[in-house]
Amino acid sequence: MTQWIGETFTSDAGWNHLETLVDIGDRMAGSEGERAAAERTRDALSDVGARNARLEEFDVQGWTRGDSEVRAGDTAQASIALPRSPDATAAGELVDLGYGLPSDFEEADVAGKVVMVSSNVPDYYDRFIHRREKYYYAVEGGAAAFVFRNHVEGCLPPTGSVGTGEDPIGDIPAVGVSKEVGSRLSRRWEGEEVEVAVEADIHDATSQNVHAELGPDTDEEILVTSHVDAHDIAEGAMDNGAGTAMVVEMAKALAAREEELDTKVRFIAYGSEEVGLVGSSVDADERDLDSIEAIVNNDGVVRGRTLTFHTHGFDALDAAAERVGEDFGHPVKTIPEQGPHSDHWPYVKWGVPGYHVMSETGDEGRGWGHTYADTLDKLEVRDLREQAVLLTELVVRLAGDEFAVSRKDPEAIAAALEDEDQAEGMKIIGDWPYDQ
């Protein structure tokens, strides 16, 4: 029992793979770098003992960044385009809507204006509002352009995609600006005309998911997942090189415990998560969802020591995660609410039991994620190894014959989203899959 713990706590497999991923450079969806990262992940899974490691390709809307700027008066303020922004220029009166809450948009006339909103929500607000939700409130209101202001200090403009599954390219030009640039724009030019310009190359592209397996060849399976793509502006160490490194480290540990698995474990490192969960959506559409016992999706691990588990109202998953934490004397936190913003969601939304595994950072929002500062130096190898021990044990327990978790009806998932006030935002960005 204890040998595998010692081997995992001294293993370099995951960390070495993380270094490999961040050193590739640009891993944007559909890029050559994303392909290289997928190939190296395939090879790493094979090297640690997983079988049938392979790539499965799919088509994706490619988007390559060009120049962008916010021109105010006779100055050009630093910005970066939000991926899948259209290649376009628009001008209008600048209006700063603060947090960009639904009520802020309801109370403001944004037609023909350049709308600026913050990347966070206030402490008193009861849910997170995703960037795309704020973007489509601006679109619905007839705004000319969208400016996404970081709430984190440090001259770090944030990135993150716009667009929907049905229409991958957004409706109006969109850029990210740093907290400092946003404050300057609001102070000096609110109420005056500004121009937002985005240059982007939009093209057809190919992405891929990485697959490998361990355990018996059962019809049922546990999915252990991550995404291999990252935004092109940074190393993508936290988001989500660490998640893919975790999958490799878990595969190594599970290979040593393969005889304990009663259910097949499938590892998937998805492509094109950052542009709308494309890779996981492709896989979910092609897979028999009834065969999936549970999904353990790693997106945001290793950023802090305490693991967090979005459990989506599956009580058995909540209990299993807490029990592992108790057994190993390691801090974990379970969150029963729905979390519709990573690669578990294309499965969970139809009732598949699933975790979104992250880690606490002590900061609100993404912190350094989706900025130039998402770099390897922010992470600790000890956190990767410790969390790999806990997650490996969790998967062994999930894959055991004695473990059972009931699926949910999609109607129950939809009702939970309504109760948690998440449905409205999902509907406006085109992510509501249920009958309206």
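Could you work out how much longer the chain between Tyr99 and Ala78 gets when fully extended? Use 0.36 nm per residue separation minus the Cα distance between them, nm to one decimal. Can you show the working numbers first?
Numbers: separation 21, 0.36 × 21 = 7.56 nm, distance 2.06 nm.
Result: 5.5 nm gained on full extension.
At a 1.4 Å probe, what is the % contribution of carbon and sulfur to the accessible area of segment 46-139? It would help to have the intermediate numbers written out before the result.
Details: 1630 of 3950 Å².
Summing carbon and sulfur atoms, their accessible area is 41 percent of the total for segment 46-139.
With every protein chain kept in the model, how would you rank Met426, Met358 by accessible area, 1.4 Å probe, largest at the top?
Values: Met426 10, Met358 45 Å².
So, going from the largest accessible area down, we get Met358, Met426.
Quick test of the membrane-span-like rule: which DSSP H helices of the chain reach at least 30 Å along their long axis (C-alpha atoms) with mean Kyte hydropathy at least -1.0? Intermediate results must be reported in sequence, preceding the final value.
On the way: long enough: none.
None pass (Cα extent of 30 Å or more, hydropathy at least -1.0).
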Among Leu261, Ala416, Ala91, pick out the residue whose Cα is farthest towards the positive end of the charge dipole of the chain, where Lys and Arg carry +1 and Asp and Glu carry -1 on C-beta, about the Cα centre.
Ala91
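Take the solvent-accessible surface of the protein heavy atoms, probe 1.4 Å, and return the percent of it on segment 159-204 that carbon and sulfur atoms account for.
Numbers: 750 of 2150 Å².
The value for segment 159-204 is 35 percent carbon and sulfur by accessible area.
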Segment 195-277: spread of alpha-carbon positions along the three principal axes, whole Å, largest first, is 61, 25, 16
Nothing charged except the Cβ atoms of Lys and Arg (+1) and of Asp and Glu (-1): what's the magnitude of the dipole of segment 256-323 about its Cα centre? Round to the nearest 20 debye.
380
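From the Cα gyration tensor of segment 373-436, with a ≥ b ≥ c the square roots of its eigenvalues, which class applies: rounded if a/c is under 1.5, or else prolate if a/b is larger than b/c, or else oblate? List each step's numbers first, then the result.
On the way: a/c = 4.15, a/b = 1.39, b/c = 2.98.
Oblate.
Given R₀ = 30 Å, FRET efficiency for Asp167-Tyr434 by Cβ-Cβ distance, to 0.05? Let's see the in-between values first.
Numbers: r = 20 Å, r/R0 = 0.65.
Once the sixth-power term is evaluated, E becomes 0.95.
Let me know the shape class of segment 264-313, please: from the alpha-carbon gyration tensor, a ≥ b ≥ c as square roots of the eigenvalues, rounded when a/c is under 1.5, otherwise prolate if a/b is greater than b/c, or oblate. It would help to have the intermediate numbers written out before the result.
Working: a/c = 2.06, a/b = 1.35, b/c = 1.53.
Oblate, because a/c is 1.5 or more while a/b does not exceed b/c.
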Report for segment 267-409 the percent antiparallel among DSSP-assigned beta bridges with both residues inside it, nearest 5.
35
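Pull out the extension gain between Thr2 and Asp401, defined as 0.36 nm times the separation in residues minus the alpha carbon to alpha carbon distance; nm, one decimal. Walk me through the numbers on the way to the answer.
Numbers: separation 399, 0.36 × 399 = 143.64 nm, distance 2.19 nm.
Extra length from Thr2 to Asp401 when fully extended: 141.5 nm.
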Cut-off 20 Å, label point 7 angstrom out along Cα-to-Cβ of Asp419: give me the residues of segment 322-346 whose amide nitrogen falls inside.
334-341, 345
The extension gain from Lys427 to Tyr125, computed as 0.36 nm times the residue separation minus the Cα-Cα distance, is 106.8 nm
Would you kindly calculate the mean projected area, averaged across all directions, of the convex hull enclosing the Cα atoms of the chain, in square nanometres?
19.0
Can you tell me the dipole magnitude for segment 332-436 around its Cα centre, using point charges on the Cβ only (Lys, Arg +1; Asp, Glu -1), in Debye to the nearest 20?
340
Relative contact order, percent, the chain [alpha-carbon distance under 8 Å, six or more residues apart]
20
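For every other residue with a beta carbon closer than 11 angstrom to the beta carbon of Ala174, add +1 if it is Lys or Arg and -1 if Asp or Glu, then tell me the sum. Let's see the in-between values first.
Numbers: positive: Arg84, Arg131, Arg132, Lys134; negative: Asp171.
So the environment of Ala174 carries a net charge of +3.
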When the charge dipole of the chain is computed with +1 at the Cβ of Lys and Arg and -1 at the Cβ of Asp and Glu, the Cα pointing farthest to the positive end, of Gly369, Gln61, Thr308, is that of Gly369
Identify, among Ala138, Gly170, Trp189, the residue whose Cα sits farthest towards the positive end of the charge dipole of segment 135-195, taking +1 on the Cβ of Lys and Arg and -1 on the Cβ of Asp and Glu, with the dipole about the Cα centre.
Trp189
So how do 151-163, 188-200, 386-398 stack up, highest first, on mean other-Cβ count within 10 Å?
386-398, 151-163, 188-200
About the Cα centre of the chain, what is the dipole size in debye to 20, counting +1 per Lys and Arg Cβ and -1 per Asp and Glu Cβ, all else neutral?
940
A student applying the Cα gyration tensor rule (rounded when a/c is under 1.5; otherwise prolate if a/b is larger than b/c, oblate if not) would label segment 9-56 oblate
Roll a 1.4 Å probe over the protein chains and send me the accessible area per residue for the chain in Å².
38
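The values are calculated or read from the model by the stated rules, or taken from the named source; none is laboratory data. Source: prediction; values computed, not measured. Cβ: placed from backbone, ideal geometry, glycine included. Neighbour counts: every protein chain shown. Just the protein is used for accessible areas: all its heavy atoms, side chains included, with ligands, DNA and RNA removed. Shrake-Rupley method; radii C 1.70, N 1.55, O 1.52, S 1.80 Å.
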